[in-house]
1. Residue by residue through segment 77-112, note down the ones that are assigned to a helix (DSSP H, G or I), more than 21 Å from residue 152 (Cβ to Cβ) and either in contact with a strand residue (DSSP E or B) (Cβ under 6 Å, 6 or more places away or on another chain) or at pLDDT below 95 (or both).
2. Would you point out which residue out of 5, 14 is in contact with a helix residue (DSSP H, G or I) (Cβ under 8 Å, 6 or more places away or on another chain), at pLDDT 95 or above and assigned to a loop (DSSP other than H, G, I, E, B)?
3. Among the residues of segment 34-48, what is the count of those that are closer than 18 Å to residue 87 by Cβ and either at pLDDT below 95 or assigned to a loop (DSSP other than H, G, I, E, B) (or both)?
4. Would you mind finding the one in 135, 109 that is without any contact (Cβ under 8 Å) to a residue 12 or more places away in the chain, touching a helix residue (DSSP H, G or I) at 6+ places or on another chain (Cβ under 9 Å) and over 18 Å from residue 259 (Cβ atoms)?
5. Filter segment 57-91 for residues that are in contact with a helix residue (DSSP H, G or I) (Cβ under 8 Å, 6 or more places away or on another chain) and within 22 Å of residue 26 (Cβ to Cβ) and give the result.
6. Tell me the residue from 31, 51 that is within 18 Å of the chain's Cα centre (by Cα), modelled with pLDDT of 95 or more and either loosely packed, with under 15 Cβ neighbours inside 10 Å or not in a loop (DSSP other than H, G, I, E, B) (or both), please.
């Protein structure tokens with residue numbers, strides 16, 4: 001992209017079936033645009049084997065496994081044991097996507113908290129970072145993380161306040177910057193980029209969801225990460241050069257995922 005600096009998509013569901021027709025083409029597009037690594041988080045136990053198989057076939061895909069709060073009705077307590085077993089047997093780069101979703105009233109909060117807490121403990125046990133989904137639940141997520149200060153990771157698709165962002169940063173977390181920030185009307189979110197230090201952020205697409213502004217209504221794709229990076233640069237304070245910004249984002253990503 002700039003001076004051979006590479007990009008990493010820290011959150012992309014490239015294992016989803018919506019990519020089955022053109023996954024190889026997408027990966028080729030990414031490599032041509034210097035997107036050299038894509039972290040693929042798991043959401044349900046039934047999909048983990050498929051995700052691991054897809055990642056094993058592609059050197060630029062890196063697996064994470066987790067039990068997503070929005071699929072709480074699909075999870076079983078035995079899935080937690082399977083997760084621990086796979087941490088032992090597989091080269092995972094993170095536990096995720098895990099977290100709490102208080103936006104949807106149909107999702108049992110106590111059950112979400114149980115799975116979140118147990119998965120944090122697995123991450124702690126295997127010294128893996130976590131990819132956290134937090135929607136209308138930031139204060140509760142922060143409370144859990146303060147109870148386990150050794151855990152580090154990313155708050156995916158960050159949507160909280162400036163004050164909550166500072167709490168996460170104090171705990172050593174990075175904030176995921178993706179498609180939601182690319183919408184001109186997202187003024188509160190966009191203002192966070194210049195308010196927070198450059199070492200706060202990592203880039204992500206969350207493909208196939210959360211398409212950037214230019215692709216509104218389309219399936220999102222990891223090769224749109226270049227556009228997300230350009231949006232990020234445009235929101236930074238004007239004095240920093242593009243390659244300095246991209247280099248810092250790369251360092252932020254390496255800090256979370258030393259295994260990449």
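The values are calculated or read from the model by the stated rules, or taken from the named source; none is laboratory data. Because the structure is a prediction, the values reported are computed rather than measured. Here the Cβ positions follow ideal geometry from the backbone for every residue, glycine too, while neighbour counts run over all protein chains shown.
1. 89, 112
2. On the way: 5 fails: at pLDDT 95 or above.
Exactly one of 5, 14 is in contact with a helix residue (DSSP H, G or I) (Cβ under 8 Å, 6 or more places away or on another chain), at pLDDT 95 or above and assigned to a loop (DSSP other than H, G, I, E, B), namely 14.
3. Residues flagged as closer than 18 Å to residue 87 by Cβ and either at pLDDT below 95 or assigned to a loop (DSSP other than H, G, I, E, B) (or both) within segment 34-48 amount to 3.
4. Only one candidate qualifies: 109.
5. Selection gives 58, 60, 61, 62, 63, 65.
6. Only one candidate qualifies: 51.
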